[in-house]
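The values are calculated or read from the model by the stated rules, or taken from the named source; none is laboratory data. The structure displayed is predicted, hence computed values, not measured ones. Virtual Cβ from ideal backbone geometry, glycine too; neighbours counted across all protein chains shown.
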């Protein structure tokens, strides 16, 4: 059984990391760098994401990026390569693959569907 103080520390750690990810998702964020910024160890941050967030750091970062990307594709109508850069991917092909895996369709399909709804 986990002590309340441990549970609280992990929740605070997760919330702190989530706040940084939500604000800086465009940047090249890594688990080690994030742990240093939060004055924690890599393992403690992993535990915080697993227990308080019920996810992993990478999965959380990707979910934030993919949510932002879908919004940009729908609202801004930006080209896929610009959206990729805007949400922190260096390679548009890597972004498109991640987007398809996350949303179940390619980024271009999201833009096409929205154009058809607008017409």
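Here residue 8 meets each of (1) surrounded by fewer than 13 Cβ atoms within 10 Å (Cβ to Cβ); (2) in contact (Cβ under 8 Å) with a residue 12 or more places away in the chain; (3) more than 12 Å from the chain's Cα centre (by Cα) with one exception, condition (2). Only one entry in 41, 5 is at negative phi and in contact with a helix residue (DSSP H, G or I) (Cβ under 7 Å, 6 or more places away or on another chain), namely 41. Confirm whether residue 44 is in the same structural domain as residue 101 (by TED's automatic domain parsing) and surrounded by 14 or more Cβ atoms within 10 Å (Cβ to Cβ). Taking the combined requirement at face value, the residue does not satisfy it. Hey, can you tell me all the residues within region 27-63 that are within 24 Å of residue 99 (Cβ to Cβ) and touching a residue at least 24 places away in the same chain (Cβ under 8 Å)? Within region 27-63, 27, 28, 29, 31, 49, 53, 57, 58, 60, 61, 62, 63 qualify. Out of curiosity, is residue 88 on the phi > 0 side of the Ramachandran plot and surrounded by fewer than 13 Cβ atoms within 10 Å (Cβ to Cβ)? No, not satisfied.
Across region 56-88, the qualifying residues are those that are under 11 Å from the mean Cα position of the chain (by Cα) and outside any helix (DSSP H, G or I), and the one among them that is nearest to residue 13 (Cα to Cα) is 56.
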